[in-house]
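Q: Below you'll find the structure I mean.
Derivation of every value follows stated rules applied to the coordinates shown; laboratory data play no part. All figures in this text were calculated on a predicted structure; none of them were measured in a lab. Counting neighbours? That spans all protein chains shown, and the Cβs are built from the backbone with ideal geometry, glycine included.
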Amino acid sequence: MIVLSITLLSVGVAIYIMVHQIGLQKELDFGAGAYYYADIPDYEKVDADGRFITKIPKWVYYVLFLAWGFLMYKLWGWLNKDDE
């Protein structure tokens with residue numbers, strides 16, 4: 001019952017905010033996707049296909065992604081060794 005009341009209250013507050021346009025800034029009206037495009041740092045470096053133009057080769061990003069994943073896997077294992 002409490003979950004349903006919290007859900008209904010949340011939906012009601014969200015509708016109230018949308019109807020009254022609370023938090024909108026009229027001078028920043030970019031249309032659909034306003035928050036998406038306004039928050040991209042260095043948006044001028046994004047080409048027409050949506051790819052970010054950079055001088056760093058793609059393989060560096062792949063290696064960093066895999067290294068981060070490996071480190072998080074090891075950290076998770078270290079944190080869970082007390083549970084075993």
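Q: What distance in nm separates the two pseudo spin-label positions at K45 and F70, each 7 Å out from Cα along the beta-carbon direction?
A: Label at K45, label at F70, 2.6 nm between them.
Q: Here's something else I'd like to know. Rounded to the nearest 0.05, what FRET efficiency do Y61 and V11 have when you use their Cβ-Cβ distance and R0 = 41 Å?
A: 0.55
Q: Pick out, in residue order, every one of the trypsin sites (Lys or Arg not before Pro) in segment 51-84 that is DSSP loop and has at most 11 other C-beta atoms within 10 Å; say none if there are none.
A: Answer by residue number: R51, K55, K81.
Q: Pop a pseudo-label 7 angstrom from the Cα along the beta-carbon direction at both H20 and T54 and give the gap in nm to one decimal.
A: For the pair H20/T54, the computed spacing is 4.2 nm.
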